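Chemist: Let me give you the structure first, and then I'll get to my questions.
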Amino acid sequence: MKRFILLSVISVIILGSCTPVIDKQVQPTAVVLDTETPQIEILPTEIETLSPSATPIPTETPTLTPKPAFPNWIAFVNLNGNVILLDSQSGEEKALTSDGLSMTKTSSNPYIQYSYPTWSSDGLYLAFKKTINTPLPDRQDYVDSLVVYDIRTDESQEILAGESFTGFSWRPGTHIISYSLMTDPNYFTARGAVDASLAKGILGFDVDTMQALELVPPRGYSLIWPRWSPDGRFVGFDEILYMEGRGNFAYFDFEDQEYVSWNRPIGNYQWSQDGENLVYDYLTYAANGEERIFINDRYDEDETQIGDTEENYYLSNPLFSPGDGQIIYKETDLSLDINATQLVVMNLESKHKEVILESADVFDVLWSTDGETILTVIGPYNSPTLMEVNLYDLTTREIGNGWWPAWQPIQ
């Protein structure tokens, strides 16, 4: 099997059939943070249940402005498997962990792996996933938690120990971590049929108050992969239908207290800055060469294809620029045995396209906060390189090696 297809299958995890369905929020129930394999002590938390008309009230963001020695950290997991803070200008590194194992290695003894460092919108906190893997004779047992690092105090705390996460993200403008949990195998009763009584919603944890929340109760389906609009009003997620592929796209509007489902999967997507539009690629499982880039309003009433390419190529992973005036996306040659991908920047007004990186094995792509630089991860996967691309002169600069870079927001 071709290598890029394998990567697509691995990156696209669980599940997925057009008119939006809009309903008022129903009475949510209290969250029970259970764990199937409670091998790690779960920190005590107070569970808060929201009333039907109530919007989760974010804890007021502290007014203290972070003043680290180097104000623009890039967090990533290095080749040894530990979480690192890197100042991209000076090259100085600061290790936040020391007990991790590389993502390309395993062990016959219990071991720890770290992944997905993610900054809060004010840059004060960095959260990352910690997984303890225990090899057993017939399987690999694992248990997750989240580690939250406070850049002001240089201290870390472990939360939600004993859970099994399928995705997490910070709600913008707050210190609330939203997350989704692994689906019970008994949830799937037949092809495209599920047991709604076993569905799980989008949960939350307020780092300031140490309270657990139920942000979005399930509406017949388990919900995974919370992804927020930049203003924190909308959270998108997948409704799980199948054991593989992407689920139907849906979102919750916290201002109007409405649950909206598009009743179809849309693949990789991102919200615009004002939350009124989305850009997406329809890459819902392994690429088939028909994936293109689309923009649509949140009501699903104005879908427009904005990206096209030649035969045997597919487009994927679109991202808005910080000002929404441009998008960047991947263009991959499906006819080659290697993952030959180029990065393309398109001006949304003029539709002018420019290739900024050619014939690379491309993984993560991030805009800088000023929109002038792209940070990307170039393969091979077992030894990836973090590379900056200057969008004005297309010069590149290697700044480190590792996975899952996250640029600290600059306030």
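Chemist: Which loop-located chymotrypsin sites (Phe, Trp or Tyr not before Pro) does the stretch 288-330 contain, where loop means any DSSP state but H, G, I, E or B and the Cβ has at most 15 other Cβ atoms within 10 Å?
Modeler: Details: sites: Phe294, Tyr299, Tyr313, Tyr314, Phe320, Tyr329; in loops: Tyr299.
Of the chymotrypsin sites (Phe, Trp or Tyr not before Pro), the ones in loops of the stretch 288-330 whose Cβ has at most 15 other Cβ atoms within 10 Å are Tyr299.
Chemist: Counting other Cβ atoms within 10 Å of each Cβ, which chymotrypsin sites (Phe, Trp or Tyr not before Pro) in the stretch 341-411 have at most 12 and sit in a DSSP loop? Mind showing how you got there, number by number?
Modeler: Values: sites: Phe363, Trp367, Tyr381, Tyr392, Trp403, Trp407; in loops: Tyr381, Tyr392.
Sparse-neighbourhood loop chymotrypsin sites (Phe, Trp or Tyr not before Pro): Tyr392.
Chemist: Here is a follow-up. When averaged across all projection directions, what area in nm² does the alpha-carbon convex hull of the stretch 189-294 cover?
Modeler: Details: hull surface 31.7 nm².
Taking a quarter of the hull surface, the average projection is 7.9 nm².
Chemist: Further question on the same structure: Run through the stretch 222-268 and list the GluC sites (Glu not before Pro) located in a DSSP loop whose Cβ has at most 16 other Cβ atoms within 10 Å. Before the final figure, lay out the partial values.
Modeler: Numbers: sites: Glu239, Glu244, Glu255, Glu258; in loops: Glu244, Glu255.
Taking the stretch 222-268 and a limit of 16 other Cβ atoms within 10 Å, the loop GluC sites (Glu not before Pro) found are Glu244, Glu255.
Chemist: Taking the Cα centre of the stretch 201-324 as origin, work out the dipole magnitude from +1 charges on Lys and Arg Cβ and -1 charges on Asp and Glu Cβ, in debye rounded to 20. Working shown, then result.
Modeler: Working: 7 positive and 25 negative charges, 94 e Å.
Its charge dipole is roughly 460 debye.
Chemist: Let me ask something else about it. With an 8 Å Cα cut-off and a minimum separation of 6 or more residues, compute the relative contact order for the stretch 302-354 in percent. Show your work: numbers first, answer last.
Modeler: On the way: 79 pairs, mean separation 14.1, N = 53.
Across the stretch 302-354, relative contact order equals 27 percent.
Chemist: Under the 0.36 nm per residue contour assumption, what length would be gained going from the current alpha-carbon distance of Thr304 and Ser107 to full extension? Mind dumping the intermediate values first?
Modeler: Values: separation 197, 0.36 × 197 = 70.92 nm, distance 4.87 nm.
Stretched fully, the Thr304-Ser107 segment lengthens by 66.1 nm.
Chemist: Using only the alpha-carbon atoms of the stretch 81-217, report the extent along each of the three principal axes, biggest first, to the nearest angstrom.
Modeler: Projected onto the principal axes, the Cα atoms of the stretch 81-217 cover 55, 41, 24 Å.
Chemist: Still on this structure: Please work out the C-alpha center-to-center distance from the stretch 160-203 to the stretch 350-392 and express it in whole Å.
Modeler: Rounded to whole Å, the Cα centres lie 31 Å apart.
Chemist: Next question. Output the pairs from Lys105/Lys130; Lys94/Lys130; Lys105/Lys330; Lys330/Lys353 with a Cα-Cα distance over 20 Å in this structure; if there are none, say none. Write down the numbers at each step before the final one.
Modeler: Numbers: Lys105/Lys130 16 Å; Lys94/Lys130 18 Å; Lys105/Lys330 28 Å; Lys330/Lys353 12 Å.
Where the Cα-Cα span goes over 20 Å, the pairs concerned are Lys105/Lys330.
Chemist: In addition: So what is the relative contact order of the stretch 219-332, in percent, for Cα pairs below 8 Å that sit 6 or more residues apart? Working shown, then result.
Modeler: Working: 264 pairs, mean separation 19.4, N = 114.
Answer for the stretch 219-332 is 17 percent.
Chemist: Any idea how far apart Glu158 and Gln211 come out in nm if each label point goes 7 Å out from Cα toward Cβ?
Modeler: Each label point lies 7 Å from its Cα, and together they span 2.6 nm.
Chemist: Now for a separate question. Using only the C-alpha atoms of the stretch 169-249, find the volume of their convex hull and express it per residue in Å³. Could you put the intermediate results ahead of the total?
Modeler: Working: hull volume 7.0 nm³, N = 81.
Taking only Cα atoms, the stretch 169-249 has a hull volume of 87 Å³ per residue.
Chemist: Scale the Cα Rg of the stretch 281-321 by the rule-of-thumb value 2.2 N^0.38 Å and send over the ratio, two decimals.
Modeler: Details: Rg = 10.9 Å, N = 41, 2.2 N^0.38 = 9.0 Å.
In units of the 2.2 N^0.38 Å rule of thumb, it is 1.21.
Chemist: Please compute the contact order of the stretch 181-259 in relative form: average sequence separation of alpha-carbon pairs under 8 Å and at least six residues apart, divided by the residue count, as a percent. Write down the numbers at each step before the final one.
Modeler: Numbers: 137 pairs, mean separation 16.8, N = 79.
Taking the mean separation of contacting Cα pairs over the length of the stretch 181-259, I get 21 percent.
Chemist: Name the residues whose placed amide hydrogens come within less than 5 Å of the amide hydrogen of Ser121, ignoring near sequence neighbours (fewer than 5 apart) on the same chain.
Modeler: Residues meeting the amide H criterion: Gly173, Thr174.
Chemist: Separate question: Can you give the local net charge around Val344? Use residues other than it whose beta-carbon is closer than 14 angstrom to its beta-carbon, Lys and Arg +1, Asp and Glu -1.
Modeler: Numbers: positive: Arg292, Lys330, Lys351, Lys353; negative: Asp281, Glu291, Asp308, Glu310, Glu331, Asp333, Glu354, Glu358.
Net charge in that neighbourhood comes out at -4.
Chemist: So what are the radius of gyration and Dmax for the Cα set of the stretch 238-305, in Å?
Modeler: Gyration radius and largest Cα-Cα distance of the stretch 238-305: 12.4, 38 Å.
Chemist: In cubic angstrom, how much convex hull volume per residue do the alpha carbon atoms of the stretch 115-166 span? Numbers along the way, then the final one.
Modeler: Values: hull volume 4.1 nm³, N = 52.
Given the Cα convex hull of the stretch 115-166, per-residue volume reads 79 Å³.
Chemist: To continue, here is another question. Using 1/(1 + (r/R0)^6) with R0 = 35 angstrom and r between the beta carbons of Lys351 and Arg264, what's the FRET efficiency to the nearest 0.05? List each step's numbers first, then the result.
Modeler: Details: r = 26 Å, r/R0 = 0.74.
Rounded to the nearest 0.05, the efficiency is 0.85.
Chemist: Run down the aspartates and glutamates and flag those whose C-alpha is under 13 Å from the C-alpha of Lys129, throwing out any fewer than 8 positions away in its chain.
Modeler: Within the straight-line limit of under 13 Å, Lys129 reaches these aspartates and glutamates: Asp144, Glu158, Glu163.
Chemist: Skipping prolines and chain starts, which residues have an amide H placed within reach, meaning under 5 Å, of the one on Gly371, given they are 5 or more residues away or on another chain?
Modeler: For Gly371, whose amide H was placed from the backbone, there are no distant partners under 5 Å.
Chemist: Looking at the stretch 198-259 only, what percent of DSSP beta bridges run antiparallel? Nearest 5 please. Please report the intermediate quantities before stating the final value.
Modeler: Values: 17 of 17 bridges.
In the stretch 198-259, DSSP labels about 100 percent of beta bridges as antiparallel.
Chemist: How much net charge surrounds Val362 when only the other residues with a Cβ under 11 Å from the Cβ of Val362 are counted, with Lys and Arg +1 and Asp and Glu -1?
Modeler: Values: positive: Lys330; negative: Glu331, Glu358, Asp361, Asp364.
Taking every other residue near Val362 into account, the sum is -3.
Chemist: Ordered by residue, what ³J(HN,Hα) values in Hz, to whole numbers, does the stretch 373-386 give under the Karplus form 6.51 cos²θ - 1.76 cosθ + 1.60, where θ = phi - 60° and Gly and Pro are x?
Modeler: Coupling constants for the stretch 373-386: 9, 10, 10, 9, 10, 10, x, x, 4, 6, 8, x, 10, 8 Hz.
No value in this document is a laboratory result; all are computed from the given coordinates. Note that this is a predicted model, so its numbers are computed, not measured. All Cβ positions, glycine included, derive from the backbone under ideal geometry; neighbour counts span all protein chains shown.
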